[in-house]
Amino acid sequence: MKHIISPSILAADFANLGAEIEKINNSQADWIHLDIMDGVFVPNISFGFPVIKYVKKHARKILDAHLMIVNPDNYIERFGEAGTEYLTVHYEACTHLHRTLQKIRSCGMKAGVAINPHTPVNLLSEIISETDLILIMSVNPGFSGQKFISNTYSKVAQTKELLQQKNANAIIQVDGGIDLNNAAKLYEAGANALVVGNTVFMSNDPIDTIYQLKCQ
């Protein structure tokens, strides 16, 4: 599987959001990552549907939404209507995860499951065959710019092994603290997709940085 780069617009300059999206459009990035936070599941608030609709209007990339919120089932239909192609919910936030994933797919989206740094990969054993994407958090969710947690490499390898055991084909995505120093090692461990924020948007040449991340 090719390497998928998904820049997170949470790290973009929102005063020039249209220009930031256009940079991504003109790069080799595959997706645009939307970090949705409610101030309850995580200690921060990001943005809502007006911003998502703006991004959809201007983007020429797949929209990849990561819900760091309580009660995600209440909003699934609206994300589908807003044009999201991948919708990821947290294992820790879903009481009836199987039903949530079914609902995401019934709304025409690919279904993803995210796990926090403290959550063991083996807890996904009974659900992994129902997912299109597994998101391994390599920082504690809520804020951009955090330091990468090195145990992530092991969790990515465990996820790859579990997928093989279950004969499943989900994308393995990693989010948090990713840069040119750890991207190659994450690919080697089994990751297919990387979410990048500050590494891209604070770069002197975001388009080249994306290229380098993709070609590691």
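Each value in this text was obtained by applying a stated rule to the coordinates, not by laboratory testing. Because the structure is a prediction, the values reported are computed rather than measured. All Cβ positions, glycine included, derive from the backbone under ideal geometry; neighbour counts span all protein chains shown.
Observations
- Subset tally (residues that are farther than 16 Å from N182 by Cβ and outside any helix (DSSP H, G or I)) for region 199-214: 3
- Of everything listed in (1) within 18 Å of the chain's Cα centre (by Cα); (2) crowded, with 16+ Cβ neighbours inside 10 Å, the single unmet condition for R60 is (2).
- Applying the criterion of being more than 22 Å from V42 (Cβ to Cβ) and among the acidic types (D, E) to the residues of region 92-130, the residue that is surrounded by the most Cβ atoms within 10 Å (Cβ to Cβ) is E130.
- Scan of region 199-216 for residues that are polar (S, T, N, Q) and surrounded by fewer than 20 Cβ atoms within 10 Å (Cβ to Cβ), ordered by number: S203, N204, Q212, Q216
- Enumerated strands (runs of 3 or more DSSP E) restricted to region 20-126, each holding at least 2 residues that are polar (S, T, N, Q), in contact with a Pro (Cβ under 8 Å, 6 or more places away or on another chain) and without any contact (Cβ under 8 Å) to a residue 24 or more places away in the chain: none
- Residue list for region 1-19, filter: of a type in the set (A, V, I, L, M), surrounded by 13 or more Cβ atoms within 10 Å (Cβ to Cβ) and not in a helix (DSSP H, G or I): I4, I5, A12
- Test for A59: is it among the aliphatic types (A, V, I, L, M) and out of contact with any strand residue (DSSP E or B) (no Cβ under 6 Å at 6 or more places or on another chain): no
- The C-beta contact set for region 152-170 (first residue within 15 Å of A114 (Cβ to Cβ), second residue hydroxyl-bearing (S, T, Y) and surrounded by 17 or more Cβ atoms within 10 Å (Cβ to Cβ), distance under 6 angstrom, 6+ apart or interchain) comprises T152/S138; A170/T131.
- Residue satisfying all of: in region 22-50; buried (at least 16 other Cβ atoms within 10 Å of the Cβ) and more than 17 Å from the chain's Cα centre (by Cα); nearest to I134 (Cα to Cα) among these: S27
- Among (1) polar (S, T, N, Q); (2) buried (at least 22 other Cβ atoms within 10 Å of the Cβ); (3) closer than 26 Å to L162 by Cα, the one test that T84 misses: (3)
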